[in-house]
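Single-structure report; data block below.
Only the coordinates and a few stated rules stand behind these numbers; no lab work does. On a predicted model such as this, the values are computed, not experimentally measured, just so you know. Here Cβ is always computed from backbone atoms with ideal geometry, including for glycine, and neighbour counts include all displayed protein chains.
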Amino acid sequence: MNTILTQECFRYNQLLRTMTEDLKNFKDANRGLVIMNDDLERMGVTMLNNEIPARWTEENGCGFLSIKPLSTWIQDLRDRVDFFREWAW
C-alpha cells in the first residue's frame, strides 16, 4: 500500500507543479511580461472553453483520466489531493 501511495503522490505532485508553472506563465503572458506563444494561447483557449489543457491530461503522464469539464475536474483534483493528505497522515 505504501508503494502505491508514494507513486500516486509523486504523480499528483508532478501534476501540481506542471499546473503551477503553466498558470504562472499564462498569467505573465497576459500581463505582457513574457511573449504569448502558441502553447500558452492554446492553453488559454482550452481553459476558456472549460476543457482540460493537454499538458494536464493522463496522456502526458501527469494527470488523471476524466471526461469532466475543467471546473469539475479542478474540484475532483482538490478532493483527490485532500484524500492523499488524510491517507498519508
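Here are the numbers for this structure:
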item: Label point distance in nm, F83-L23, each placed 7 Å from Cα along Cα→Cβ; result: 2.0
item: Mean separation of Cα contacts under 8 Å, 6 or more apart, over the residue count of the chain: relative contact order %; result: 27
item: Value of Rg to Rh for the chain (Rh from inverse mean 1/r over Cα pairs, i.e. Kirkwood); result: 1.02
item: Burial ranking of peptide ranges 64-70, 9-15 (average Cβ count within 10 Å, highest at the top); result: 9-15, 64-70
